[in-house]
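To keep things clear, I will list the structure first and then write my remarks on it.
Every read-out reported here was derived from the displayed coordinates using simple, explicitly stated rules and does not represent laboratory data. These numbers were taken from a predicted model, which means no experiment stands behind them. Cβ placement follows ideal geometry from the backbone for every residue including glycine, while neighbour counts extend to all protein chains displayed.
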Amino acid sequence: MFRNTVTTSAPGKLLLFGEHAVVYGRPCIVTAINQRLYVTAELLDEPVVRIDAPDINIHSETPLSDLSSQQFLECAVLNMKATHGVHITTKSDFLSTYGFGSSSASVVALLKALSHKINNNDLFSLAYKTILEVQGVGSGFDAAAAVYGGTLVYTKNTPPVELKASGMPLIVGYSGVKADTATIVKDVAIKKEKEPEKIGRIFDGIAEYVKQASETVSQGDWKRAGRIMDFNHEYLRDLGVSTHKLEDMISAAKKAGAWGAKLSGAGGGDCMIALVADDKRKAVTDAIAEAGGQIMDVEPNAEGVRIEK
Ligand code: MEV
């Protein structure tokens, strides 16, 4: 059991390479970001789970015996087999609409608060189980970023491999539209069912770029990593998950001199990312903003889950 009150935090994430293909067993590269999700868990005498999550507008009180496996935080408490009531408060550095993985980060931070001695591998397994139960789909890359932090090559059912990725010259632009990840992942599954060979070839192509990107990222060859971003994005466009807004932001970044740019995550909205030389940074951020994107103040390579106090 945990101390009477514990506060933990876990980072949000950005997918750098390999989205969608990772759902089908190919690798991806994900980085944890410096925007964090905080959870405070306070032990209660009554057998209830009280949730105050103002960022996502949830204020609820549920008997321990009635917890729902459809709700991320309640499902996490269920999976932790908690025998005590708990008051859970969340606070986020970022809006849940950005696609930075607020649900996964909140599950990871809560599980850590409920069992702060848990090791990272067990924490990841429990978090991924919780996310799959609630969401039905997902590769677990977001939980891996929230638990381990840093920049990871992640493949389902395989321990993640940390990449040295210091000094990544990343720019992040939010499209203003929240992506419905579960629906987009299901749409891609339908396409794969209809055209298994074509979609399989796209996933294999993406996997090859992820392999190349993991070498260039660890060498700090950002110019080449940018080129690979462009190639990866072409495959995502072929998959049909990009949007006009994302395309406008990406081509604006490229025209202003970015080494490379792509959508990040499921597509259909959320963010685009670009790798950019220092002397082009201002021109690229201005161009993305001009195309209607919101520039996000995000640093990659952040620390994984931690106990705050
Ligand atoms: C969504 O952010 C990334 C996807 O690859 C889904 C997943 O890996 O869970 C589309």
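Of the numbered conditions (1) of a type outside the set (A, V, I, L, M, F, W, C); (2) in a helix (DSSP H, G or I); (3) away from the ligand (no atom under 16 Å from the Cβ), Gln70 fails exactly one; give the number of that condition.
(2)
So how many residues does the stretch 161-193 have that are part of a loop (DSSP other than H, G, I, E, B) and within 13 Å of the ligand (Cβ to nearest atom)? So that I can check it myself, show each step before the final result.
Here is the first cut: in the stretch 161-193, the residues part of a loop (DSSP other than H, G, I, E, B) are 164-169, 175-180.
So of that shortlist, the ones also within 13 Å of the ligand (Cβ to nearest atom) come out as 178-180.
Matching residues across the stretch 161-193 total 3.
When only residues in the stretch 258-289 that are outside any loop (DSSP other than H, G, I, E, B) and within 16 Å of the ligand (Cβ to nearest atom) count, which is surrounded by the fewest Cβ atoms within 10 Å (Cβ to Cβ)? Break it down into steps so the answer makes sense when it comes.
Of the stretch 258-289, the ones outside any loop (DSSP other than H, G, I, E, B) are 260-264, 271-275, 278-289.
Among the residues that remain, those that are also within 16 Å of the ligand (Cβ to nearest atom) are: 262-264, 271-273.
Details: Lys262: 28, Leu263: 29, Ser264: 28, Cys271: 23, Met272: 30, Ile273: 29.
If we take residues in the stretch 258-289 being outside any loop (DSSP other than H, G, I, E, B) and within 16 Å of the ligand (Cβ to nearest atom), then Cys271 is surrounded by the fewest Cβ atoms within 10 Å (Cβ to Cβ).
Table: residues versus (1) touching a residue at least 60 places away in the same chain (Cβ under 8 Å); (2) exposed (fewer than 15 other Cβ atoms within 10 Å of the Cβ).
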| position | (1), (2) |
| --- | --- |
| Glu42 | no, no |
| Val48 | no, no |
| Ile56 | no, no |
| Glu61 | no, yes |
| Ser69 | yes, yes |
| His84 | yes, no |
| His87 | no, no |
| Gly101 | yes, no |
| Ala105 | yes, no |
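In the stretch 1-37, how many are assigned to a strand (DSSP E or B) and surrounded by fewer than 19 Cβ atoms within 10 Å (Cβ to Cβ)?
Number satisfying all stated conditions: 3.
Only one of these is over 24 Å from Val22 (Cα atoms), acidic (Asp, Glu), in contact (Cβ under 8 Å) with a residue 12 or more places away in the chain and out of contact with any Phe, Trp or Tyr (no Cβ under 9 Å at 6 or more places or on another chain): Asp248, Asp238. Name it. So that I can check it myself, show each step before the final result.
On the way: Asp238 fails: over 24 Å from Val22 (Cα atoms).
Matching residue, one of Asp248, Asp238: Asp248.
Take the conditions within 16 Å of the ligand (Cβ to nearest atom) and surrounded by fewer than 16 Cβ atoms within 10 Å (Cβ to Cβ) and apply them to Gly292. Does it pass? Lay out the reasoning, then the answer.
Values: within 16 Å of the ligand (Cβ to nearest atom): no; surrounded by fewer than 16 Cβ atoms within 10 Å (Cβ to Cβ): yes.
No: the conditions fail for Gly292.
Quickly run through the stretch 129-144 and pick out the residues that are assigned to a helix (DSSP H, G or I) and closer than 12 Å to Val22 by Cβ.
Start the filter on the stretch 129-144 by keeping residues that are assigned to a helix (DSSP H, G or I), which leaves 129-135, 141-144.
Result: Phe141, Asp142, Ala144.
Determine whether the stretch 128-146 contains at least one residue that is loosely packed, with under 15 Cβ neighbours inside 10 Å, under 30 Å from Ser68 (Cβ atoms) and within 14 Å of the chain's Cα centre (by Cα).
Within the stretch 128-146, none of the residues are loosely packed, with under 15 Cβ neighbours inside 10 Å, under 30 Å from Ser68 (Cβ atoms) and within 14 Å of the chain's Cα centre (by Cα).
Please list, ordered by first then second residue, the pairs with beta carbon atoms under 9 Å, 6 or more apart or interchain, first in the stretch 191-206 and closer than 14 Å to Phe231 by Cα, second basic (Lys, Arg) and part of a helix (DSSP H, G or I).
Phe203/Lys192
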